[in-house]
Amino acid sequence: MDLRLDVSQRGEWSIVEVGGEIDVATAPRLREQLIALVSEGHHRIVVSLEAVDFIDSTGLGVLISGLKRVRTHDGAFAVVCSEPRILKVFEITGLDTVFNVAPTLDDALASEG
Amino acid sequence: MDLRLDVSQRGEWSIVEVGGEIDVATAPRLREQLIALVSEGHHRIVVSLEAVDFIDSTGLGVLISGLKRVRTHDGAFAVVCSEPRILKVFEITGLDTVFNVAPTLDDALASEG
Amino acid sequence: MHAAPDPEVVELALPARPEVVSVARLVVGAIVASDPLFDDERGADLRLAVSEACTNAIQAQLAADERTAVPPVGLPILMRCTVGVGCIDVVVTDHAGGFDPSTLVPHPEVTDPARLEYEGGLGIPLLRMLTDHVEFRPTGDGTEVRMRFEPHGDPVRG
Amino acid sequence: MHAAPDPEVVELALPARPEVVSVARLVVGAIVASDPLFDDERGADLRLAVSEACTNAIQAQLAADERTAVPPVGLPILMRCTVGVGCIDVVVTDHAGGFDPSTLVPHPEVTDPARLEYEGGLGIPLLRMLTDHVEFRPTGDGTEVRMRFEPHGDPVRG
Ligand SMILES: Nc1ncnc2c1ncn2[C@@H]1O[C@H](COP(=O)(O)OP(=O)(O)O)[C@@H](O)[C@H]1O
Ligand SMILES: Nc1ncnc2c1ncn2[C@@H]1O[C@H](COP(=O)(O)OP(=O)(O)O)[C@@H](O)[C@H]1O
C-alpha cells in the first residue's frame, strides 16, 4: 500500500527514489516503473532506498530484474542505501556483491554502475 | 507501553508534558504522576497533550481525577491541546467545558486554570 | 482460529492484558487506512471506538478471571474486522460473563459539578457516538460488541 | 477462532491478499517492540522473517485457489505469536496444499553470473538466516512454518 515512487533525470541517469515499504503488495509497482524506464530507453538507473523502511525478498527480486534489464542494454544500475536495517538484507543475501550499493546518491551517480 | 512523561516547573505551575498514547495500559502512570505532584504540594498543574497521538476514556478519567484533586486544594488545572484529533475527544464527551483546554502552553500558564 | 472463510475478514485474538489494546488499534488502523472511503478523521474514530470495546472486554475478562477460584483461564479477546461495501464492521467478543448495558446509570451532565465524581463510564457513551451502529449482544458466556462504521465527511481518494 | 487459552498468545487471521502482509508485520513488530530482550535490529529480523513466511503462505493460497475449479474459498492465513521466556515463537499456517522444502534446488552462488537468472527463491533462505530455528511442517491440507527467535546482541532495556 504504502509505496512512494519519485522519478527524475540527472544527466544520463534516471533516478528512482522509493519511499515506504517494498513487499509483495507494493513491489509490482516498482517493477513496472523500472520496466517502463528501460523500455523508454533509459539504461542508466539509480534506485534510491534512502526513504525505504522495509524491503523483502520480493523487493530484492525486482531489483535483480532491473539490473538484468539494463545489462542487456549495456546500461548501469546502482542502489543507494545507507540505513543499516536495509543494508543488512543485502549483506545476508550476498546481494551487496551483486549490486553497486552506494552510500549516497552522489556516490552512485559518480560510479560506473 | 509507549508513554513519555516530562515534568518541569514554571513559576507556580507544574507542567506535565505527555507523549505517546494514553490508554488503559499507560494511563496509570499518568495518574501516579499527578497524584505524586499533588501530594508534594503542587496544586497548579498543566498537562500538555501536544505530543499525544491517542487518548481514550481511561485517559480522560485520569485527567478528571487530576482536576478533582487540585480542586480540593483550591488549585488550578489546565490542559494544553491543539491537535484536532485529540480535541475532538474532549468535544464529543463535553469535557471541553469541564476542563480549561488551552491551545498553547503560554495560554495555559496565563490562565487562572 | 477456525475463521469463517471470507476474503475480507481480519481476525485478531489477544490475551486479556491492557498492553495489547494498542495492537488492536494498530490492526484496525491499518485496515481503515487502506480503505479510501475513510478519511483520517474517521479512521481515528474507528481506532478509538475499537480501543474502547477491547478495553472493556479485557477489563471484564480480568475481573472475571479474578472471581474464579481456579487459576485464571486467560480466555482471549477476539476482534473481527470485516471490510464491506461502504462500511467497516468490527466485532469484539469476550468470555467475561456478560452485562446488561441498559442498566448502566447515565452520568450527570458534564455541566453538573457532580459529574466530577465519575472518572469512568465514558467508554460506552464514546462507543455510541463514534459508531454508526452499535449493539451489545450477550453470548453464552460473555459479550459481543458489534460496531458498524460508515465513512463520514468528504471521502479522500487514496 | 477458538484459540488455545494462553495469556501470551496473539493470533491473527488474514485473508490471502498481498496487501495484508503489512498487517502481520505491524502486529509482530508491536509484540517484539514490547519485549525488552529484543533490540531494534532483532525486531527488524522478526518482521522480515514473518513477512516472508506470510508472503509464501498467501502466494501459495492464491495459487491453490486458482487451481480449484470451484470459486476460491479464500481460506485465511493464520499467524500465531507466542512470547516465551527468552524467545518468541511465531507459527504461520496456510491451507494451500503443502510443499516439500527439501526439493527446492539451491540457487547458484551470488557471485555466479547465472545467479541473475533467479529473481525469486530468496524467501526461504532469508527465513533460515533470520530465525534461530525454522521448521516446515506439512499439515493435512497445507503448511505450518514454525519459527523461533532468540534475542541477539546486547539486550536493550526498554
Ligand atoms: N464487555 C463487557 N463485559 C462486561 N461488562 C462490561 C463490558 N463492557 C462494559 N461493561 C460494564 O459497563 C460499565 C461501563 O463501561 P464504560 O462506559 O466503558 O465505562 P468504564 O469501563 O470506565 O466503567 C463497565 O464498568 C462494566 O461494568
Ligand atoms: N507455504 C507454502 N506453501 C506452498 N509452497 C511454498 C510455501 N512456501 C514456499 N513454497 C514454495 O517454495 C518456493 C520457494 O520459496 P521462496 O524461497 O520464498 O522463494 P519464492 O517465493 O520467491 O519462490 C516457492 O516458490 C513455493 O513453490
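Some notes on this structure:
- The residues listed here are C:VAL23, C:VAL50, C:VAL90, C:VAL28; of these, the one that is within 21 Å of B:VAL89 (Cα to Cα), without any contact (Cβ under 8 Å) to a residue 40 or more places away in the chain and among the β-branched types (Val, Ile, Thr) is C:VAL23.
- Members of segment C:59-76 found to be modelled with pLDDT of 90 or more and more than 9 Å from ligand 1 (Cβ to nearest atom), listed by number: C:LEU62, C:PRO76
- Counting only residues that are under 24 Å from A:GLU91 (Cβ atoms) and within 12 Å of ligand 2 (Cβ to nearest atom), segment D:127-148 holds 5 of them.
- Residue that is over 14 Å from the mean Cα position of the chain (by Cα) and not polar (S, T, N, Q), where the choices are D:LEU78, D:LEU130, D:LEU104, D:LEU122: D:LEU104
- Residues in segment D:116-126 that are within 14 Å of ligand 2 (Cβ to nearest atom) and farther than 18 Å from A:ASP56 by Cβ: D:GLU117 only.
- Criterion applied to A:ASP53, A:ASP23, A:ASP74 was being more than 10 Å from the chain's Cα centre (by Cα) and either over 22 Å from D:LEU46 (Cα atoms) or modelled with pLDDT under 95 (or both), and the one residue passing it is A:ASP74.
- Subset of segment D:99-127 [more than 10 Å from chain A (Cβ to nearest Cβ) and in a helix (DSSP H, G or I)]: D:PRO101, D:SER102, D:THR103, D:ALA114
- Unmet requirement for B:ALA36, which otherwise passes all of (1) touching a residue at least 12 places away in the same chain (Cβ under 8 Å); (2) more than 14 Å from chain C (Cβ to nearest Cβ): (1)
- Any hit, segment B:97-113, residues being in contact with a Cys (Cβ under 7 Å, 6 or more places away or on another chain) and either modelled with pLDDT of 95 or more or among the small types (Gly, Ala, Ser) (or both): yes
- Residue selected from segment C:99-131 under the condition acidic (Asp, Glu) and exposed (fewer than 13 other Cβ atoms within 10 Å of the Cβ), by the criterion modelled with the highest pLDDT: C:ASP100
- The listed residue being more than 16 Å from ligand 2 (Cβ to nearest atom), crowded, with 16+ Cβ neighbours inside 10 Å and assigned to a loop (DSSP other than H, G, I, E, B), out of C:ALA57, C:ALA96, C:ALA49, C:ALA53: C:ALA96
- In segment C:134-142 there is at least one residue matching the filter, namely being within 9 Å of ligand 1 (Cβ to nearest atom) and away from chain B (no Cβ under 14 Å).
- Within segment B:40-53, not a single residue is free of Cβ contacts under 8 Å to residues at least 12 places away in the same chain and either among the polar types (S, T, N, Q) or at the interface with chain C (Cβ under 10 Å from one of its Cβ atoms) (or both).
- Every residue from segment B:77-97 that is within 15 Å of C:ARG47 (Cβ to Cβ) and either surrounded by fewer than 18 Cβ atoms within 10 Å (Cβ to Cβ) or touching a helix residue (DSSP H, G or I) at 6+ places or on another chain (Cβ under 8 Å) (or both): B:GLU83, B:PRO84, B:ARG85, B:LYS88, B:VAL89, B:ILE92
- D:ALA16 fulfils the conditions (1) assigned to a helix (DSSP H, G or I); (2) surrounded by 24 or more Cβ atoms within 10 Å (Cβ to Cβ); (3) out of contact with any Cys (no Cβ under 7 Å at 6 or more places or on another chain) except for a single criterion, (1).
- Boolean, D:ASP35 is more than 13 Å from chain C (Cβ to nearest Cβ) and surrounded by fewer than 24 Cβ atoms within 10 Å (Cβ to Cβ): no
The values are calculated or read from the model by the stated rules, or taken from the named source; none is laboratory data. This one's a predicted model, so the numbers in the text were calculated from it and none came from an experiment. Here the Cβ is made from the backbone with ideal geometry for all residues, glycine too, and neighbour counts use every protein chain on show.
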